[in-house]
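The values are calculated or read from the model by the stated rules, or taken from the named source; none is laboratory data. Remember, it's a predicted structure, so these values are computed and weren't measured experimentally. Please note: Cβ atoms are built from the backbone with ideal geometry, for glycine as well, and neighbour counts cover all protein chains shown.
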């Protein structure tokens with residue numbers, strides 16, 4: 001081999017070796033990112049949101065630093081968006097992550113095993129906006145041509161990004177229809193809707209019950225709640241409770257009111273959950289007093305407190321079991337309801 005060719009051969013070998021080393025480092029970085037991604041999503045499914053966010057953030061930082069393929073970075077942004085939306089409740093942050101993912105890879109997709117209906121809707125909204133917004137951002141990032149006039153007519157200027165839909169707070173309606181088994185405490189001397197047996201109307205004692213034995217009386221009621229879920233963990237609802245059997249009087253056996261509901265625990269983004277609720281009502285609870293022929297009547301104002309055990313039965317259906325305690329006043333009556341409802345969203 002000629003002496004003058006040896007330096008060139010050595011230079012080619014060094015370049016090839018450097019390229020191979022760089023390729024190996026890139027493959028190692030991609031493997032590390034995939035491992036961190038898998039670890040993050042496992043933590044998310046175990047509701048360890050802090051760990052999931054930390055691992056995804058580290059993986060994204062490494063991916064940006066190493067310049068890994070756009071598809072891999074897009075998957076990280078999609079997963080981060082899922083955790084922010086379904087886990088943390090930050091829909092605006094999730095929307096931004098989905099937009100970044102779709103700008104990197106317009107074919108990016110959600111994992112169907114982890115996506116809730118709300119997340120799917122948010123991702124589809126980002127997908128609709130991504131084409132125009134990403135093109136606009138690319139145009140804005142392009143260096144200006146020499147002599148470019150920023151005061152050109154608006155039709156020739158880059159369009160600003162379209163305003164995103166209201167992705168901060170999802171408001172979704174729901175309807176619950178169910179039946180309740182009530183247990184009310186009836187006491188001697190409570191007001192009645194009619195004179196007990198043996199007493200004539202107008203008798204001073206006609207409005208009061210005389211019971212040989214006080215106790216709990218069972219009754220049935222139909223219940224309806226129409227509400228708005230302000231976000232994934234908080235809801236407001238209007239209530240209607242109608243007893244199947246009741247006496248006489250205004251709002252006899254009918255309660256009208258409202259409540260607030262706050263989720264305390266959820267097994268997974270699509271799993272069962274437990275909520276605490278409380279509210280106020282107007283109307284009467286009336287229960288038939290044993291051996292009198294009359295109905296004991298409560299005061300016309302009431303408050304209630306209870307829990308809702310919710311089990312999803314489909315994308316838009318859920319079964320809800322709700323035990324609650326009702327306190328009516330100024331005429332005191334304690335009542336408990338155990339309600340089984342079907343929720344439609």
Being surrounded by fewer than 19 Cβ atoms within 10 Å (Cβ to Cβ) and either part of a loop (DSSP other than H, G, I, E, B) or over 31 Å from the mean Cα position of the chain (by Cα) (or both) narrows 251, 226 down to just 251
Is it the case that some residue within the range 177-188 is modelled with pLDDT under 90, under 17 Å from residue 308 (Cβ atoms), in contact with a strand residue (DSSP E or B) (Cβ under 6 Å, 6 or more places away or on another chain) and assigned to a strand (DSSP E or B)? no
Residues that are under 18 Å from the mean Cα position of the chain (by Cα), buried (at least 17 other Cβ atoms within 10 Å of the Cβ) and modelled with pLDDT under 90: find the helices (runs of 4 or more DSSP H) completely inside the range 27-111 holding 3 or more of those. 91-104
The conditions are (1) within 22 Å of residue 172 (Cβ to Cβ); (2) out of contact with any helix residue (DSSP H, G or I) (no Cβ under 7 Å at 6 or more places or on another chain); (3) not in a helix (DSSP H, G or I), and residue 114 fails exactly one of them. Which is it? (2)
Odd one out for residue 245, checked against (1) without any contact (Cβ under 8 Å) to a residue 24 or more places away in the chain; (2) under 22 Å from residue 208 (Cα atoms): (1)
Looking at the range 275-296, can you tell me whether even one residue there is over 25 Å from the mean Cα position of the chain (by Cα), modelled with pLDDT of 90 or more, in the same structural domain as residue 249 (by TED's automatic domain parsing) and part of a loop (DSSP other than H, G, I, E, B)? yes
